[in-house]
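Read through the structure below, which is laid out as structure tokens, and then see the notes.
The values are calculated or read from the model by the stated rules, or taken from the named source; none is laboratory data. Small disclaimer: the values here were computed from a predicted structure and weren't measured. Cβ placement follows ideal geometry from the backbone for every residue including glycine, while neighbour counts extend to all protein chains displayed. Keep in mind that these areas ignore ligands, DNA and RNA; they rest on the heavy atoms of the full protein, side chains included. Shrake-Rupley method; radii C 1.70, N 1.55, O 1.52, S 1.80 Å.
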Amino acid sequence: MQTASEPTAAERKEQLRTIAEGYFEALRKKNLAAIPYDDKVTLRAPLTPGGVNHPLTGKSALHSQWWVPMEPALEGVEITVLDHYMNASMTAICTEAEITINAVSPPVRLRVADRFTVSAEGKIIEQENHFDPRDVTNPGWQNG
């Protein structure tokens, strides 16, 4: 039974969707402070210093080791959110998006699926980014 303080399923779904879309909007605007990270957030991503098997932990680590180095690449970035997928317990959302990085030549297009675990308070406590990094690490690899 739902208590007065618990959101309805529809409210929680909207909260998750708003947080995920807000994340991508913050990337587009290079306003990383707008992302509602928990102080103890963990991030797993192919291009983090330790890779996916060694997550960055803590908001300050994400800032210094992930966002500061990535910020120049976000200049002129184009982002299209394609779809959202939520787990049955409504604790996490995975958002599929297409990101075009125009700060490099030639521009790089990434198809991403970023998963966010979100606390009841609306803070991202875990983030896992899924994408093929070859367009970033080895531009032109598809051309042979």
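Could you figure out which of (1) part of a helix (DSSP H, G or I); (2) closer than 22 Å to Glu126 by Cβ; (3) over 15 Å from the mean Cα position of the chain (by Cα) isn't true of Ala10?
Failing condition for Ala10: (2).
Does Val52 meet the test of being in contact with a strand residue (DSSP E or B) (Cβ under 6 Å, 6 or more places away or on another chain), aliphatic (A, V, I, L, M) and over 22 Å from Gly122 (Cβ atoms)?
Working: in contact with a strand residue (DSSP E or B) (Cβ under 6 Å, 6 or more places away or on another chain): yes; aliphatic (A, V, I, L, M): yes; over 22 Å from Gly122 (Cβ atoms): yes.
So Val52 passes the test.
State all residues of the stretch 104-119 that are open to solvent by 50 Å² or more (accessible area, probe 1.4 Å) and more than 14 Å from Thr18 (Cα to Cα); if no residue qualifies, say none.
Val104, Ser105, Pro106, Pro107, Arg109, Arg111
Residue check: is Ile124 in contact (Cβ under 8 Å) with a residue 12 or more places away in the chain, more than 23 Å from Arg12 (Cβ to Cβ) and of a type in the set (A, V, I, L, M, F, W, C)?
So Ile124 does not fit the description; no.
Evaluate the following for Ala26: is it assigned to a helix (DSSP H, G or I), crowded, with 16+ Cβ neighbours inside 10 Å and not charged (D, E, K, R)?
yes
Tally up the residues in the stretch 53-93 that are without any contact (Cβ under 8 Å) to a residue 40 or more places away in the chain, open to solvent by less than 40 Å² (accessible area, probe 1.4 Å) and of a type in the set (A, V, I, L, M, F, W, C), please.
Qualifying residue count for the region: 6.
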